[in-house]
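One structure below.
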Amino acid sequence: MRVALLTEGVRPRSPRGAGGWCDRLVDGLREHDFAWYVLAGTAGTAGTGGTSPTDAGADAEDAARPAVHELALWGRRPAGRAPGALRGRQYAAAYDRLVRALLRPGERSGFGPGLYRLAELARADGALPAFLVSDRARRVLERVWRSPGADTSAGQPLVCDVLVAADLLEQCLRPLSAPWYGTAPGGLGAADLCHVVGGGPAALPALVAKQLHGVPFVVTEHGLHLREQYLGYREAPYRWPVRALLLAFFRALTEETYRQAAILTPGSAHDQQWQRHCGADPARTRVVYEGTPAVERPAAGPEPDAPTLVWAGALEPGRDPELALHAFARVRAELPAARLVLHGEEAVPGYRAHCAAVAERLGVADAVEFAGRPRSAADAWADGTVVVFSALSQRRPRLLADAMLSGRAVVSTDVGVAREVVGPTGLLVPPRDPQALAGACLALLRDDERRARLGLAGRLRAQERFAVEPVTGAFREIYLELVSQWPAFPAAAPDAGAGPRPRPFARPAEYWITDRRHTEPPEAAAAPVPGDPVPSDPVPSDPVTADGTGTGTGNAGSGSTDDGGTADRADGAGALVALSRGRLPAAGEAPDRAGSFAEAV
Amino acid sequence: MAAGGGAAAVGLANGSGDPVREVMAEHRVLCERAVDPLEIAAGLAEAGLGPAAAARCRHADLFSLAEELYARVPRRPPSAEPAGPAGGGRARRGAALRTAGLAVLPCAAAAALGAGRPVLLVAAVPLVLVPAAAGSTGAGGAAAAPWAGPGPGEGPEAELGPVAPCAPTPPAGARRWWDPALRGAGLAALLLVPLAVAADGPEERRVTAALVLAAALSTGSAEWAARWYRHVGRGHLGAAATLAEFRSRMRPVLPVALALHLAVLAVLSFAALAVLTALAPRPGPAHGGGLLHLAAERAEPWQWAAQGLLGLLLVLPVLLARCGRPGAAALGALAGAAGTAAPPAPSAGLLGGGAVALALLLYAWPVLGRPDAHR
């Protein structure tokens with residue numbers, strides 16, 4: 001099967017570096033042909049340069065080197081002339097529709113048609129970037145923006161806003177004019193499916209490929225792109241109207257992506273709620289946890305002599321190391337030998353000094369160590385007896401999972417993905433509650449047996465959920481399921497509009513994994529009609545498939561593990577309430593509580 | 001950020017029975033600046049609120065709580081707009097002095113070597129453009145592309161430090177690759193200058209040298225005018241409501257900038273001639289009238305006209321270079337040099353220079369009035 005992997009490379013070549021998620025996927029699914037389509041951060045060379053997977057040295061001649069196509073998403077506008085008068089009018093009409101969808105609440109449905117029309121035009125003559133910064137496009141934008149129906153609840157746009165927004169939209173829409181479409185070899189139309197890793201502008205080529213060539217696509221998001229935009233734009237140096245326009249663009253793009261995607265695989269159930277709120281169909285959503293190679297790592301060695309709390313994360317207010325410091329002051333009042341090690345670099349200038357001042361004020365400065373960035377996360381966990389997370393939000397599970405894999409017991413604030421990841425194998429406390437955090441830490445520090453049991457349980461849980469093989473297994477099934485529902489080579493289908501409706505499961509799944517290095521399928525050689533639009537109403541996915549994967553892949557069934565476990569949740573909530581009331585659990589009742597935790601695993 | 005401990009105390013002190021009101025008071029800034037409810041939901045989740053907090057506010061989830069907050073809090077964007085770079089006037093003055101110094105030295109050297117044509121000055125234009133092109137890193141415009149999503153899958157160590165900043169987009173004005181080209185052009189022009197030997201007699205050579213020095217000094221004012229023009233343009237960018245309004249606001253600014261530069265040039269030329277007259281009076285029989293009268297009469301009318309043309313040929317390339325058109329600026333400077341130097345007779349040179357100045361003016365008028373010239 002030919003899979004087009006669409007990602008956004010923040011730094012050039014970084015997603016394909018050692019340990020990248022996409023690398024592991026490509027390595028795990030050797031039976032498929034992958035081609036990378038990377039939206040590079042800086043001006044990259046658009047062409048094919050082979051990069052081998054990480055361990056390709058062993059079997060270099062065997063590994064089909066995946067082709068890499070890059071497109072510069074930022075930086076200078078690609079050269080090109082603006083369209084002529086007639087084409088310019090068509091461009092302006094499509095752009096007008098797109099901008100209206102962003103700015104007028106009542107016309108949101110025009111986003112998709114406007115986008116696809118722009119993509120068609122751009123594919124024909126490639127003049128889209130030049131058009132988007134032309135005076136004509138700016139006039140269109142300004143006219144719609146200042147028209148009465150537009151949503152400008154916090155201020156009218158000025159000329160500078162129009163300029164900045166036009167430039168930003170040009171950069172965002174650059175994938176529409178990428179030379180990637182078409183059914184020739186190397187084009188997205190020749191792929192059997194697209195796999196978008198990351199969402200956002202990386203989904204644009206997949207949307208266009210689906211519209212033009214009928215290629216289905218999967219969206220994998222670890223940390224939601226839209227949410228990152230909402231958080232990131234609060235600090236952005238743009239005025240309110242620009243911010244509103246760009247965020248409206250990202251929201252519309254995300255909604256369209258979720259609507260069109262055949263399968264969505266968010267990285268956690270926490271993200272799944274967001275996706276559902278943005279219009280994702282739960283029947284087409286599977287949670288696939290982000291696999292990490294750290295599951296192979298042995299557990300951390302013996303605990304240090306002094307009872308030590310380890311805290312890890314960037315030093316910034318959102319991670320709330322101050323809470324850890326306040327809790328530690330309470331712990332130290334009970335256990336004078338206790339120590340606290342904070343790993344991580346400061347993300348806000350001067351914040352480390354602030355934390356040091358807080359520690360000084362609390363009188364625990366001599367027992368607190370700012371250890372900076374560790375060589376590896378495993379070293380950080382090995383330093384401690386108990387791992388503490390005091391963040392106000394946990395959007396991604398990877399740091400928590402890494403800590404659990406060390407076999408140390410974990411205390412975390414009950415935010416974001418923490419409940420889902422830690423579950424019953426650690427202690428959850430409410431955020432901003434030093435008393436509760438201190439109580440949880442003390443309970444674990446004082447009880448060796450419970451600590452060991454929770455640590456082991458956490459390690460096993462993380463190994464089960466965050467292993468790499470379930471990820472590749474899940475995507476193997478998802479790919480096969482997807483192409484078996486999709487008509488083969490839809491563009492080549494004779495008269496797709498009037499002919500017999502393509503039947504799902506028309507081909508057996510084995511059809512797609514024939515080794516095409518030896519036998520070329522005859523249909524692939526037959527060049528389909530280029531640009532033949534296909535009514536791309538996806539075949540509704542069977543409900544059978546939705547629960548079929550729940551049993552098939554161990555890690556995909558988040559519903560059974562997270563929602564089903566009401567018993568241990570009630571138990572955990574009980575412990576949580578007890579801790580939040582500031583009542584330190586007595587030494588006598590702690591073991592049986594821990595026993596119930598461990599049994600629940 | 002505003003959701004600190006102090007804000008929580010405000011919520012408690014409020015003491016009302018409505019938990020939504022407490023959340024609202026705590027996250028008022030977030031709610032006022034949000035562009036839609038999802039932003040509030042993201043901000044609340046980031047501040048540590050979860051399903052429990054939403055349940056306390058009698059909402060099913062954080063999203064519906066965010067929608068209520070979005071509906072209840074009126075939008076109020078931050079009123080304090082980021083002001084332009086402070087000390088703009090000082091920076092303009094400094095740049096003007098620097099440019100004048102840069103231009104005067106080679107021109108004085110060439111004049112001492114003996115050159116009869118004001119072509120010297122035009123030869124110095126590329127030198128002016130060097131700092132202009134190198135230093136025009138615009139502060140406005142789309143600074144960065146902040147839509148970089150979360151990385152597709154890095155190690156957990158990535159969360160232990162600050163997030164790597166997005167690669168900034170080079171601003172539209174900064175085109176570094178022009179820099180060596182401009183330097184080369186300037187050097188070549190300087191080497192050609194001694195060859196441009198005219199020098200009919202010592203008297204005319206003296207007057208020409210004085211005028212050339214004055215014009216070289218006036219490159220400073222050209223630089224100042226260009227920077228001022230761009231500064232005014234940026235101000236109007238942030239104040240004008242529509243593109244048409246911006247154009248109408250910018251219409252009188254270019255003539256004013258040109259007139260300012262020409263006025264400074266006239267004053268400088270007059271001063272240079274006065275100094276020349278005081279130091280070395282015109283040979284021949286003594287004339288009546290004071291020093292100022294003599295200075296004004298020292299140069300012929302056609303020389304004054306040539307001086308005005310030179311001023312235009314100076315200021316227009318600098319303006320173009322400052323406003324993001326370094327290619328056109330370099331071309332204009334070279335065309336000006338060629339147009340004035342190539343014809344053998346002074347009158348023909350005047351005509352050639354005039355044609356080039358007219359063409360430059362016709363090109364610059366629409367280009368410099370566009371909003372993207374002021375980014």
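The values are calculated or read from the model by the stated rules, or taken from the named source; none is laboratory data. Bear in mind the structure is a predicted one, so any value in this text is a computation, not a measurement. Methodologically, a virtual Cβ is constructed for each residue, glycine included, from the backbone with ideal geometry; neighbour enumeration extends over all protein chains shown. When the accessible area is computed, the model is the full protein with side chains, heavy atoms only, and any ligands, DNA or RNA have been set aside. Shrake-Rupley method; radii C 1.70, N 1.55, O 1.52, S 1.80 Å.
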Only one residue in A:Val215, A:Val196, A:Val164 is in contact with a strand residue (DSSP E or B) (Cβ under 6 Å, 6 or more places away or on another chain) and either open to solvent by 10 Å² or more (accessible area, probe 1.4 Å) or in a loop (DSSP other than H, G, I, E, B) (or both). Which one?
A:Val215
If you take the residues of region A:103-155 that are closer than 17 Å to A:Pro78 by Cα and not in a helix (DSSP H, G or I), which of them is nearest to the other protein chains (Cβ to nearest Cβ)?
A:Val133
Has region A:258-268 got any residue that is out of contact with any Lys or Arg (no Cβ under 9 Å at 6 or more places or on another chain), open to solvent by 10 Å² or more (accessible area, probe 1.4 Å), within 12 Å of another protein chain (Cβ to nearest Cβ) and over 20 Å from A:Pro374 (Cα atoms)?
no
Lone qualifier among A:Arg476, A:Arg465 - being touching a Phe, Trp or Tyr at 6+ places or on another chain (Cβ under 9 Å) and either at pLDDT 95 or above or among the basic types (Lys, Arg) (or both):
A:Arg465
Specify which of the listed residues (B:Gly349, B:Gly354, B:Gly332) is touching a helix residue (DSSP H, G or I) at 6+ places or on another chain (Cβ under 8 Å), closer than 17 Å to B:Leu211 by Cα and open to solvent by less than 30 Å² (accessible area, probe 1.4 Å).
B:Gly349
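Yes/no matrix, rows are residues, columns are (1) assigned by TED's automatic domain parsing to the domain that holds A:Leu39; (2) modelled with pLDDT under 90:
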residue: A:Glu142; (1), (2): no, no
residue: A:Ala154; (1), (2): no, yes
residue: A:Gly186; (1), (2): yes, yes
residue: A:Gly199; (1), (2): yes, yes
Take A:Pro317 and decide whether it is in contact with a Gly (Cβ under 9 Å, 6 or more places away or on another chain), away from chain B (no Cβ under 13 Å) and modelled with pLDDT under 95.
no
Name, by its number, the condition in (1) at pLDDT 50 or above; (2) in contact with a strand residue (DSSP E or B) (Cβ under 9 Å, 6 or more places away or on another chain); (3) part of a loop (DSSP other than H, G, I, E, B) that does not hold for A:Leu71.
(3)
What number goes with the only condition from (1) open to solvent by 10 Å² or more (accessible area, probe 1.4 Å); (2) out of contact with any Leu (no Cβ under 8 Å at 6 or more places or on another chain); (3) not in a helix (DSSP H, G or I) that A:Gly223 does not pass?
(1)
Checking A:Gly232 against (1) more than 7 Å from every other protein chain (Cβ to nearest Cβ); (2) farther than 17 Å from A:Leu102 by Cβ; (3) of a type in the set (Gly, Ala, Ser), only one condition comes out false. Which one?
(1)
Condition met for A:Ala206 (open to solvent by 10 Å² or more (accessible area, probe 1.4 Å), of a type in the set (A, V, I, L, M), closer than 30 Å to A:Val3 by Cα and at pLDDT 85 or above):
no
Scanning region A:278-312 for residues that are crowded, with 18+ Cβ neighbours inside 10 Å, of a type outside the set (Gly, Ala, Ser) and not in a loop (DSSP other than H, G, I, E, B) gives A:Arg284, A:Thr285, A:Val295, A:Thr308, A:Leu309, A:Val310, A:Trp311
Filter region B:37-61 down to the residues that are open to solvent by 10 Å² or more (accessible area, probe 1.4 Å), at the interface with another protein chain (Cβ under 8 Å from one of its Cβ atoms) and either out of contact with any strand residue (DSSP E or B) (no Cβ under 8 Å at 6 or more places or on another chain) or of a type in the set (Lys, Arg) (or both) and list them by number.
B:Leu38, B:Ala45, B:Glu46, B:Ala47, B:Gly50, B:Ala52, B:Asp61
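This table checks each residue for (1) farther than 30 Å from A:Val368 by Cα; (2) within 9 Å of another protein chain (Cβ to nearest Cβ).
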position	(1), (2)
A:Arg251	yes, yes
A:Glu256	yes, no
A:Val287	yes, no
A:Thr308	no, no
A:Gly313	no, yes
A:Val341	no, no
In region A:325-337, what count of residues is obtained for those that are within 14 Å of chain B (Cβ to nearest Cβ) and either of a type in the set (A, V, I, L, M) or open to solvent by less than 10 Å² (accessible area, probe 1.4 Å) (or both)?
1
Regarding A:Ala85, is this residue farther than 30 Å from B:Asp36 by Cβ and within 14 Å of chain B (Cβ to nearest Cβ)?
no
Identify all residues within region A:388-413 that are at the interface with chain B (Cβ under 9 Å from one of its Cβ atoms) and of a type in the set (A, V, I, L, M); write none if there are none.
A:Ala391, A:Leu392, A:Leu399, A:Leu400, A:Ala401, A:Ala403
Could you grab me the full set of residues in region B:16-36 that are surrounded by fewer than 23 Cβ atoms within 10 Å (Cβ to Cβ), in a loop (DSSP other than H, G, I, E, B) and within 13 Å of another protein chain (Cβ to nearest Cβ)?
B:Asp36
Restricting to region A:338-351, name every residue that is closer than 18 Å to A:Ala438 by Cα and open to solvent by 10 Å² or more (accessible area, probe 1.4 Å).
A:Arg339
Which strands (runs of 3 or more DSSP E) sit wholly inside region A:352-437 and have at least 1 residues that are open to solvent by 10 Å² or more (accessible area, probe 1.4 Å) and in contact (Cβ under 8 Å) with a residue 12 or more places away in the chain?
A:368-372, A:427-429
From (1) open to solvent by less than 10 Å² (accessible area, probe 1.4 Å); (2) aliphatic (A, V, I, L, M); (3) over 15 Å from A:Tyr95 (Cβ atoms), pick out the condition that doesn't hold for A:Leu158.
(1)
Any residue in region A:264-274 that is at pLDDT below 90 and of a type in the set (Gly, Ala, Ser)?
no
Please go through (1) part of a helix (DSSP H, G or I); (2) over 19 Å from A:Phe111 (Cβ atoms); (3) within 12 Å of chain B (Cβ to nearest Cβ) for A:Leu247 and return the number of the only condition it doesn't satisfy.
(2)
